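What follows is a short report on a single structure.
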Amino acid sequence: MMNTFVPHRAKELKARFGSFLLKQELNIMGHSQKTKKLTPEDRQKWSFHELLAHKEGLCAFTTFLASEYSEENIAFYLACEDYRNTKSSSKLCAKARKIYEEFIASDAPREVNLDHETRNITLKNMEQPTLSCFNLAQSKINTLMEKDCYPRFLKSTVYQELITQHTG
């Protein structure tokens, strides 16, 4: 019997699964704080940075990125935010190495799209990790998401569903 798995269905499942995983990551990272209920008008006025700062917006944007097979961008962004909030200097080196190996190293499992120069600067920063060692790389990915992904997100069904959600 032939499997007739439709690519659109695969995207939908990946988006839902990605959203579930993000919710787990957000709970771990402390982004799950209660926020006030928003009206559809509030959601329509969100800038890119406001979108990322709000749990609903971040979850919707992550679902959208998962549907485009580029959720590694937001995962890297969130990992950098978590890293920058590290209180223990003894944990910096291990956390930095984990982020580098997961997102930046050649053939990393969730490699982000960085230019050669940024990749080299970040590698150099890894010699003596500080809270700012990923700032350049995070900035590049943030710009990529804001200029490339965010405009497509605003035209997506994920965004349309977000702004028409009932707040009750």
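Values in this text are rule-based calculations from the coordinates and carry no lab data. On a predicted model such as this, the values are computed, not experimentally measured, just so you know. With ideal geometry, Cβ positions are generated from the backbone for all residues, glycine too; neighbour counts draw on all protein chains shown.
Using C-alpha positions alone, give me the convex hull volume of the range 48-88 per residue in cubic angstrom. If you can, show how the numbers build up before the last one.
Values: hull volume 2.7 nm³, N = 41.
It is 67 Å³ per residue.
For the range 96-140, would you read off the P(r) tail past 11 Å as a percentage of all alpha carbon pairs? That tail contains 61 percent of the Cα-Cα pairs. Give, rounded to the nearest 20 debye, the magnitude of the charge dipole that the range 63-168 has about its Cα centre when Lys and Arg contribute +1 at Cβ and Asp and Glu contribute -1 at Cβ. Rounded to the nearest 20 debye, it is 380 debye. Measuring spread by the Cα atoms of the range 52-168 yields a radius of gyration and Dmax of 15.5, 51 Å. Extending 7 Å from the Cα toward the beta-carbon at both residue 98 and residue 143 defines two label points whose distance is 2.9 nm. The convex hull around the C-alpha trace of the range 119-168, projected and averaged over every direction, spans 5.3 square nanometres.
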